[in-house]
Amino acid sequence: MMRRWSIGARLTLWYSLVLLTGLALFGAGVLLVVKHSLITTVDETLAQQAKGVATVLQTEFNPAKPQHLQEELSEYAQATPEGNLIEVRDGEGTVLIGSRVVADARASRWRYRTLATETTAHGQTFRIRVAAPLNGTVATLRHVRELLLWATPGVLLIASLGGYWISRRALQPVDAITRAARSIGIENLSQRLEVPTTGDELTRLSETWNGMLERLESAVRRLSQFTADASHELRTPITLIRATAELTLRRERPAETYREALRQIIDGSDRTARLIEDLLLLARADAGLPALPLDRVELTPLVRDVCEQGQILAQKRQLEISTEAPEHPVFVDANDPALRRLLLLLVDNALKYTPAGGRITLTVALDSSGPTVTVRDTGIGIPDTALPHVFERFYRVDESRNRDAGGAGLGLSIAHWIAERHHARLEAESVVGRGSAFRVRFPQT
C-alpha cells in the first residue's frame, strides 16, 4: 500500500506550488515593468531627437537656399548620438537627409524603435523619422530574465525548506498529542492530555480530546457498573432457586414442603424473567429503538385504569390509593401501552416504599406549561443527596432499603426512558419521612 504523505509534506508542497506561481507572476511583472521603463526611455529620447530636428528645420530653412538646409541637417546629425538614424523628407517626398540604416529600421521593428512626425517651416511640410537601436534594451531584458530564471529555483528551494521546517515545528505538538492519545487505553482512561497554554487550535484540540476521554471514561464506568450490577442481580435469584431445589431434594419431605419449594422456585423464576426483560428493554433502548407511535390519549381514564390495577397490591399492603382529576378532559400525544407501563412503574415504586397505613394519590392536572400526571406517596422519602440519582440504573439509596422493598433498581430508569420517548420530563421531589412525588410533565399540545 502506498504510503500517504504527512501533513507537513502536503503543506510544504502546496506552499511551494503557491510560491512558484507567485514567483512566476512576480517575474513576469518585473519583466513587463523593466521593458516598459526601457521602451519609455527610448521613446523619450526619440521624441527629444525629433524635436531637435524640427527646431533645425524651423530656424535654418530658407526656400531660396535649400542646399543650406541640408548642410545644417548633416551637421546636426553628425553632432547628435545616433545621428545616422535620422531621416527628413520634404512635402514632395524628397530625402533631405537619411541613410540605409533608417530604411533598415523601418523594415525591422524588432531591432530598432522608430518615431515619425511632421513639422512646418515657412509654409512647407517636412516629415521627420528618427530611430534608435534596441540592442541595449534587448540585452538588459535578457539579463533580467536570466537573473529571474536563476534566482527563482534558489528562492523556491530555500523557501520550501524553510516552510517544511516551520510546518514540522508547528505540527510537533500534534505528534505529541497523537502519541499521548495512543498511550491511553481502556485500563487508563483517567489519563488526560496536556493542554497547551497557547490558546490556539492545539489548545482546543487537546480540550476536545480530554472532554471526549472524560465522556468515554464515564460511559465505560457506567457500563462496568451496569454489568456488575446485572450479574449480581441475576446471580442472586438463580442461586436461591438452585439452593431451594438442592435442599428440597436432599431427603424425603412432605408434599406440602415440595409445593412450597416449587412456589419459591416459581417466584424466583418470575423475578429473574422480569429482570431479564427489563435488561433487554434497556439494551434495546441504548441501541436506539424506533420512535413510539403516538396517538391522542385522554389522561383521566387511563390514570383511573392504572389506579384500579394498583388497588389489589395496595390493599394487600394496607395502603390507600386514589385518583384526582379535573372535570374537563385532558389530552396528550402518547403511546397508550407505554404510558400505562410508565405510570404502573411509578405506582409500583410508591407501593414498595410506603409503609402500611400510607396513601398514594395519582393526580391529573393541566397548567400553563402543559398536562401533568403526579404519583405522590406518604412513604419513607428519598434523601436530597440521592434524589439526583434515582433514575440511574441499579442505583440504590442504601442496601437495607432495597432489600426490604425488593426489585433490581431498574423501574425508575425504564420510566424515565419512556418519558423521554414521549418528549416529556420525569421529575422527582421528596422529603425524608414525609413521602415522594414523581411528576410526568408532558409538552404543551
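The values are calculated or read from the model by the stated rules, or taken from the named source; none is laboratory data. For clarity, every value in this text was computed on a predicted model and none was experimentally measured. Here the Cβ positions follow ideal geometry from the backbone for every residue, glycine too, while neighbour counts run over all protein chains shown. Accessible surface areas use protein heavy atoms only, side chains included; no ligands, DNA or RNA. Shrake-Rupley method; radii C 1.70, N 1.55, O 1.52, S 1.80 Å.
Given a 10 angstrom Cα cut-off, can you work out which residue in T198, T372, T125 is the most mobile in a GNM of the chain? Residue with maximal mean-square fluctuation among T198, T372, T125: T125.
The stretch 5-30 and the stretch 408-445 have Cα centres lying 63 Å from one another. Residues considered: V373, V174, V30. Largest GNM mean-square fluctuation over the chain, using C-alpha springs under 10 Å, is found at V30.
Once Rh is set to the Kirkwood radius over Cα pairs, what Stokes-Einstein translational diffusion coefficient, in µm²/s, holds for the stretch 41-81 at a temperature of 10 °C and a viscosity of 1.306 mPa s? Please list the in-between numbers first.
Numbers: Rh = 10.8 Å.
Reported coefficient: 147 µm²/s.
Here, the stretch 125-271 has an Rg and a Dmax of 41.7, 151 Å when only alpha carbons are counted.
Using 0.36 nm per residue of separation minus the Cα-Cα distance, give me the extension gain between R425 and D384 in nm, one decimal. Spell out each step's value before the answer.
Values: separation 41, 0.36 × 41 = 14.76 nm, distance 1.93 nm.
Contour length minus the Cα-Cα distance gives 12.8 nm.
To put it simply, the accessible area of the chain at a 1.4 Å probe is 57 percent carbon and sulfur.
Return the whole-Å distance between the Cα centroid of the stretch 301-323 and the Cα centroid of the stretch 194-217. With the stretch 301-323 and the stretch 194-217 each reduced to a Cα centre, they are spaced 53 Å.
Could you grab the relative contact order for the stretch 67-220? Cα pairs under 8 Å, six or more apart, rounded to a whole percent. Walk me through the numbers on the way to the answer.
Details: 133 pairs, mean separation 19.6, N = 154.
Rounded, it is 13 percent for the stretch 67-220.
Over the stretch 156-239, the pair-distance histogram of Cα-Cα distances with 10 Å bins from zero comes to 15, 30, 21, 15, 10, 5, 3, 1 percent, rounded to whole numbers. Under 25 Å of direct C-alpha separation, and excluding same-chain neighbours fewer than eight residues apart, K35 reaches these lysines: K51. Where the centre of each part is set by its Cα atoms, how far does the stretch 152-169 sit from the stretch 38-84, in angstrom? If we compute the Cα centre of each part, the gap is 57 Å. Helix content alone sets the calculated 222 nm mean residue ellipticity of the chain: runs of n ≥ 4 DSSP H residues at -39500 (n - 2.57) each, divided across all residues, give -20500 deg cm²/dmol. Computed with a 1.4 Å probe on the full set of protein chains, the accessible area for E320 sits at about 110 Å². Probing with 1.4 Å while keeping every protein chain in the model, the per residue accessible area of the stretch 1-94 equals 68 Å².
The T21 and L216 beta-carbon pair, evaluated with R₀ = 56 Å, returns a calculated FRET efficiency of approximately 0.80.
Among T94, A419, G185, pick out the residue whose Cα is farthest towards the positive end of the charge dipole of the chain, where Lys and Arg carry +1 and Asp and Glu carry -1 on C-beta, about the Cα centre. Projecting each Cα onto the dipole axis, the largest value belongs to G185.
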